[in-house]
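Read the structure below first, then the notes.
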């Protein structure tokens with residue numbers, strides 16, 4: 001296992017719940033603050049919680065792709081996802097159970113930690129999820145080249 005730590009910031013949203021949904025996620029070097037990779041996608045019609053979990057899965061996959069041996073610290077403003085993935089809250093809804101299992105399968109459990117942060121500290125992931133929802137509302141896909149969240 002490498003000593004490297006990667007920081008995942010993820011967010012998801014739904015305009016109407018369920019409604020036009022999308023997620024945004026990024027991987028940041030916690031030492032330099034540099035954004036190493038971003039991803040966002042519209043999800044069609046989905047709930048806010050499904051969008052949040054989709055962002056988490058995307059973020060974990062990017063971190064694994066960057067360094068399969070790294071430890072990952074996830075920052076999200078979804079108390080529900082953080083508490084459920086930390087094992088403190090039960091996951092009752094089937095869609096979220098499936099997405100949580102998908103997230104757990106990306107990296108070994110001992111290498112991922114979760115921290116809840118206030119929404120105002122999750123601005124980059126929030127911007128990405130809004131870009132994805134805007135793209136979905138237009139019937140298109142998210143365009144990384146047009147994103148306001150630059151990869152360093």
Sort out for me the Cα centre separation of the range 11-79 from the range 135-152, rounded to whole Å. 14 Å
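For the chain, take the convex hull of the Cα atoms, compute a quarter of its surface area, and give me that in nm², please.
Values: hull surface 33.6 nm².
Averaged projected area of the chain's Cα convex hull equals 8.4 nm².
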In nm, to one decimal, how far is the modelled label at residue 88 from the one at residue 67, with both set 7 Å along Cα→Cβ? 2.7 nm
In percent, how large is the relative contact order of the chain, given Cα pairs closer than 8 Å and 6 or more residues apart? 32 percent
Would you kindly calculate the mean projected area, averaged across all directions, of the convex hull enclosing the Cα atoms of the range 27-108, in square nanometres? 5.7 nm²
With runs of 4+ DSSP H residues as the only contributors, calculate the mean residue ellipticity of the chain at 222 nm using -39,500 (n - 2.57) per run, divided by the residue total and rounded to the nearest 500. -11500 deg cm²/dmol
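Ranked by Cβ crowding within 10 angstrom, fewest neighbours first, how are 113, 32 ordered? Kindly include the intermediate steps, with their values, before the conclusion.
Numbers: 113 14, 32 9.
Ascending number of Cβ neighbours within 10 Å: 32, 113.
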Counting only DSSP beta bridges fully inside the chain, the antiparallel percentage to nearest 5 is 65 percent
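So how do 133-144, 71-82, 52-63, 17-28 stack up, highest first, on mean other-Cβ count within 10 Å?
On the way: 133-144: 15.1, 71-82: 20.8, 52-63: 26.2, 17-28: 24.7.
My ranking of the peptides, most packed first, is 52-63, 17-28, 71-82, 133-144.
Quick note: the coordinates plus some simple rules give every number you see, no bench work behind them. Keep in mind it's a predicted model, so treat the numbers as computed, not measured. Here the Cβ is made from the backbone with ideal geometry for all residues, glycine too, and neighbour counts use every protein chain on show.
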